[in-house]
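Written out below as structure tokens is the structure these notes cover.
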Amino acid sequence: MRPEFIRNFSIIAHIDHGKSTLADRFLLKTGVISAREFHEQMLDDMDLERERGITIKAHTISLPYFYKGQEYLLNLIDTPGHVDFSYEVSRSLTACEGALLLADASQGMEAQTLANAYLALEEELYIQPVVNKIDLPTADIEGVHEEFMQFLGCEDQDILHVSAKTGEGVNEILDAIIERIPAPVGDPDATPRALIYDSIYNDYRGVIASIRMVDGTLRKGERIEMMATGRTYEITELGVFGKTMEPRRQLSVGEVGYLVAAIKNISDVHVGDTITTPESKVEALPGYDQPKPMVYCGLYPSASETYEGLRKALDRLALNDSSFAFQPESSGALGFGFRCGFLGLLHMEIVQERLE
């Protein structure tokens, strides 16, 4: 897909302002899933996310959409709303050119709405204000309009209205994404540069890195280099995030997708690192600031023989959630364990449950 027909965007909002519901509506409107396959919180595929009704991890999905006879590819990088996962939001925004700023019509702009908006402004993204839940009897649409206009300095006609629950206004948002959010900029003929904005570990395929192509083209079978570690690998699979991971022969400027290269050593992949070709003289992309832990606790295995299993689990989880830090420590009463730092109490609770 040529860069001018690609749009990369996130949805940012305070917790429980309807972000996951709007993402679900996009999946239905673009035909990525059928009404028969649909269930709520489609992108929240962790049991923990469904159980608590919150988004914990950023999820990416590519949405094909026809606008005025032309097919566009809208890459949605869905983000969490809770303050404890704001680092996840900042990483996602780095891979985008625009963001939908969502506010509940009955509650208005709240603390995390503002915090996420400032993150988007720091990244110099186009911000599209959206008033959600206009179907509620308690909706104060005019009041939220005023808040948006005062905070963003936007015009009345720039603000869109939507009811993610009923689907009203969703088509107008999809059209606005194409009309207002800028297309990605990059040189398709330059040396490849890709930003790693997330990663997970798979027992059979090794590390699967989520990447955003900034310059050039990466092709299956090419050798690549991780600029932070200098390690080289051969690409065994590239692809985009559809309903499932969909393999492609190549990824080019502006595209968002995944990369598999049989990387078994977790320490070779760093979120925020730049992928390029070996011995190239390109400049590394600006990475991410390391988050500052706010809550600390010690994690100890219940039996000493499971210590090694806990260490491996922490390594894998740190690959998927780089906002928590850990280091080994020992206690006279508890034996060997780990000192862990988290962004908040909910983050600590979630990490513990994910480890279990």
Which of the residues spanning the range 146-157 are open to solvent by 20 Å² or more (accessible area, probe 1.4 Å) and either of a type outside the set (A, V, I, L, M) or at pLDDT 95 or above (or both)?
-> 146, 147, 150, 151, 153, 154, 155, 156, 157
Show the residue pairs that are 6+ apart or on different chains and have beta-carbon atoms under 6 Å apart, the first residue being within the range 108-126 and at positive phi, the second being not aromatic (Phe, Trp, Tyr).
-> 108/144; 108/147
Could you look through the range 82-109, keep only residues that are among the hydroxyl-bearing types (Ser, Thr, Tyr) and open to solvent by 30 Å² or more (accessible area, probe 1.4 Å), and pick out the one that is farthest from residue 145 (Cα to Cα)?
-> 94
Filter result for residue 160 (under 15 Å from residue 103 (Cα atoms) and either open to solvent by 40 Å² or more (accessible area, probe 1.4 Å) or not hydrophobic (A, V, I, L, M, F, W, C) (or both)) | no
How about the range 326-356: which of its residues are among the small types (Gly, Ala, Ser) and surrounded by fewer than 16 Cβ atoms within 10 Å (Cβ to Cβ)?
-> 330, 331, 332, 333, 335
All strands (runs of 3 or more DSSP E) inside the range 136-229 with 1 or more residues being touching a Ser or Thr at 6+ places or on another chain (Cβ under 8 Å) and among the polar types (S, T, N, Q) | 193-202, 206-215
Starting from the range 94-107, keep only residues that are assigned to a loop (DSSP other than H, G, I, E, B), then list their pairs with residues that are of a type in the set (Phe, Trp, Tyr) whose Cβ atoms are within a distance under 8 Å, requiring at least 6 positions of separation or different chains.
-> 95/197; 96/9; 97/9; 97/126
Do we find that residue 190 is touching a residue at least 24 places away in the same chain (Cβ under 8 Å), surrounded by 14 or more Cβ atoms within 10 Å (Cβ to Cβ), over 23 Å from the mean Cα position of the chain (by Cα) and within 20 Å of residue 256 (Cα to Cα) in this structure?
-> yes
Of the residues in the range 110-136 that are open to solvent by less than 30 Å² (accessible area, probe 1.4 Å) and not polar (S, T, N, Q), the one that is farthest from residue 209 (Cα to Cα) is 131
Test for residue 60: is it surrounded by fewer than 22 Cβ atoms within 10 Å (Cβ to Cβ), at pLDDT 85 or above, within 15 Å of residue 12 (Cα to Cα) and not charged (D, E, K, R) = no
Enumeration of residues in the range 249-287 that are closer than 29 Å to residue 324 by Cα, open to solvent by 40 Å² or more (accessible area, probe 1.4 Å) and in a loop (DSSP other than H, G, I, E, B) | 262, 264, 265, 270, 283, 284, 286, 287
Out of all the residues in the range 283-309, which are over 27 Å from residue 88 (Cα atoms) and either touching a Phe, Trp or Tyr at 6+ places or on another chain (Cβ under 9 Å) or touching a residue at least 40 places away in the same chain (Cβ under 8 Å) (or both)?
-> 301, 304, 307
Any idea how many residues of the range 163-187 are among the charged types (D, E, K, R) and either farther than 19 Å from residue 75 by Cα or surrounded by 18 or more Cβ atoms within 10 Å (Cβ to Cβ) (or both)?
-> 3
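The values are calculated or read from the model by the stated rules, or taken from the named source; none is laboratory data. Every value quoted in this text rests on a predicted model; they were computed, and no experiment measured them. All Cβ positions, even for glycine, are placed from backbone atoms using ideal geometry, and neighbour counts span all protein chains on display. Remember, those area values only see protein heavy atoms, side chains included, never the ligands or the DNA or RNA. Shrake-Rupley method; radii C 1.70, N 1.55, O 1.52, S 1.80 Å.
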